[in-house]
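Please read the structure below before turning to the comments.
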Amino acid sequence: MLRHGGSRDSIGLRADLDALHIQELSGVAHMSRNPGRMHACGHDGHTTMLLAAAKAMTARRKFDGTAYFIFQPAEENEGGGRVMVEEGLFDRFPVRAVFGMHNWPGIPEGTFAMRAGPLMGAYDIFEIVATGKGAHAALAYQGKDPMLFAAHAISALQTIVSRNLHPLDAGVVSVTQVHAGDTWNVIPEQLVLRGTVRTFKKDVQDLIERRMRTLVDGIAAMFEMAATVRYERRYPATVNSEIETLYAATAAAAIVGSDNVDTDPTPEMGSEDFAFMLQAKPGCYVWLGAGNGANTPNIHNPRYDFNDDVLAIGASYWVTLAEQQLPIRAGARGNEKQAAD
Ligand SMILES: [Zn+2]
Ligand SMILES: [Zn+2]
């Protein structure tokens, strides 16, 4: 927390902290020393930028009000953002608005992208268990083969997006795991399908879940077996509010120029648990351009390396955003030092 002066105005600035279960292959001198653990999403860079911003704001003392620095654990799978909100983050620190930032190798360094409305997708998981009747594979007529269920279900699930969604609505249904069978000549009794669903809108999410259950029930009935669906909504869509997106774009433009700020990028279906903070408070999540040529490894790639050239840009964005958003402190006028110093 950084409180200057007597204003009660306050904003929250959030960085995530965690690494991924990936064996790093980047080969850089500073690569991970922990086998199977890697900062493959650049959250180490996010934390560095927010710490640098805190240091700069303390030195500059240009605003009146409070900037809260939110260092959030467990972004990748465990929903640390949700837990922080549930444990009273904004009750203890009642911010007016909350802001987040992610390095984005898919857009060039020296640029920013953000948009009002959804920027990243909701993340759901599903598990379908089909239970047939095991049999000798040569005597298939005596069994109920769950393999057939899988073959039809995987195809049928792909009709939800193509045949049930409005063509201008977005959704992804991906079956990512098929588990059944142990040997050549046995029809297994049971089969498990797992996967993920991505959406931007709750009604689309509802539609996909409903159609998935209907298709699974129908296919199971067709092949005279039982099937269950476990459908779990993990992260909601990351939805930026209108006015805070304008504020974020204004701060970004002060750093890289308005020509380098894209306020209408194509959203991505990756997900982000900052979404829980945006459900609790208005705010904006931005992409910080980190691409350095067409072959820049993307986040979650074992050859990814955080682009250190964008550290100063990202830290300057935080400082500028806080100084633009919070009232100017008496006596701070006339200090022409720039945030990028
Ligand atoms: Zn990640
Ligand atoms: Zn990340």
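The values are calculated or read from the model by the stated rules, or taken from the named source; none is laboratory data. Just so we're clear, the structure is a prediction, and the values are computed from it rather than from any experiment. Because the Cβ atoms are built from the backbone with ideal geometry, glycine has one as well, and the counts that use them run over all protein chains shown. Surface areas here come from the heavy atoms of the whole protein model, side chains and all, with no ligands, DNA or RNA. Shrake-Rupley method; radii C 1.70, N 1.55, O 1.52, S 1.80 Å.
For a Förster distance of 35 Å, can you work out the FRET efficiency between the beta-carbons of LEU246 and ASN301, rounded to the nearest 0.05?
0.60
Evaluate Rg over Rh across region 1-126, taking Cα atoms for both radii and Kirkwood's formula for Rh.
With Rg and the Kirkwood Rh in hand, the quotient comes to 1.00.
Hey, with R₀ at 22 Å, roughly what FRET efficiency would MET31 and ALA312 work out to, going by the Cβ-Cβ distance, to 0.05?
Here the calculated transfer efficiency is 0.45.
Need one number: % antiparallel among DSSP beta bridges in the chain, to the nearest 5.
The antiparallel fraction comes to roughly 65 percent.
Using +1 on the beta carbon of Lys and Arg, -1 on that of Asp and Glu, and nothing else charged, what's the dipole of region 77-193 about the Cα centre, debye to 20?
For region 77-193, the charge dipole is close to 300 debye.
If I take all pairs of Cα atoms in region 60-139, what percentage of them are more than 22 Å from each other?
57 percent
Residue by residue through region 24-31, what is 3J(HN,Hα) from phi via Karplus (6.51 cos²θ - 1.76 cosθ + 1.60, θ = phi - 60°)? Round to whole Hz and write x for glycine and proline.
Each residue's phi maps through the Karplus curve to give 5, 10, 5, x, 6, 4, 9, 5 Hz.
In cubic angstrom, how much convex hull volume per residue do the alpha carbon atoms of region 1-44 span?
97 Å³
Can you quote the Å³ per residue value for the convex hull of the Cα atoms in the chain, rounded to an integer?
158 Å³
Tell me, what does the Kirkwood hydrodynamic radius of region 144-239 come to in angstroms if you use every pair of distinct C-alpha atoms?
For region 144-239, the Kirkwood estimate is 14.4 Å.
Taking amide H positions as placed in the peptide plane 1.01 Å from N, state which residues far from VAL186 in sequence (5 or more) or on other chains have amide H under 5 Å from it.
Hits under the 5 Å cutoff: ALA137.
Say each of ARG61 and HIS136 gets a label point 7 Å from the Cα, pointing the same way as Cα to Cβ; how far apart are those two points in nm?
Roughly 8.9 nm, to one decimal.
What is the angle, in °, between the Cα long axis of helix 146-159 and the longest principal axis of the Cα atoms in the chain? Nearest 10 is fine, range 0 to 90.
40 degrees
In nm, to one decimal, how far is the modelled label at SER162 from the one at ALA332, with both set 7 Å along Cα→Cβ?
5.6 nm
Which residues' amide hydrogens lie under 5 Å from the amide hydrogen of PHE63, considering only partners 5 or more residues apart or on another chain, with H built in the peptide plane?
Residues meeting the amide H criterion: ARG329.
How much of the accessible area of region 1-158, probe 1.4 Å, is carbon plus sulfur, in whole percent?
55 percent
Label SER258 and ASP91 with points 7 Å out from Cα along Cα→Cβ: what is the distance between them in nm?
Those two pseudo-labels are separated by 4.3 nm.
Per-residue ellipticity at 222 nm for the chain, helices alone: DSSP H runs ≥ 4 residues times -39500 (n - 2.57), over residue total, nearest 500 deg cm²/dmol? Let's see the in-between values first.
Numbers: 8 runs with 101 residues, N = 341.
That comes out to -9500 deg cm²/dmol.
Classify region 42-106 from the C-alpha gyration tensor, please: rounded if a/c falls under 1.5, else prolate or oblate depending on whether a/b exceeds b/c.
oblate
Would you mind classifying region 257-327 by shape? Square roots of the alpha carbon gyration tensor eigenvalues, ordered a ≥ b ≥ c; an a/c under 1.5 is rounded, otherwise it is prolate if a/b is larger than b/c and oblate if not. Don't jump to the answer; show the numbers that get you there.
Values: a/c = 1.82, a/b = 1.29, b/c = 1.41.
Cα axes put region 257-327 in the oblate bin.
R0 = 22 Å: FRET efficiency of ASN185 with HIS152, Cβ-based, nearest 0.05?
The formula returns an efficiency of 0.45 here.
Compute the helix-to-body angle for 242-256: its Cα long axis versus the longest principal axis of the chain, expressed 0 to 90° and rounded to tens.
It is inclined by approximately 60 degrees.
If you take every DSSP beta bridge whose two residues both sit in region 1-97, what share of them, in percent to the nearest 5, is antiparallel?
Roughly 35 percent of the DSSP beta bridges within region 1-97 come out antiparallel.
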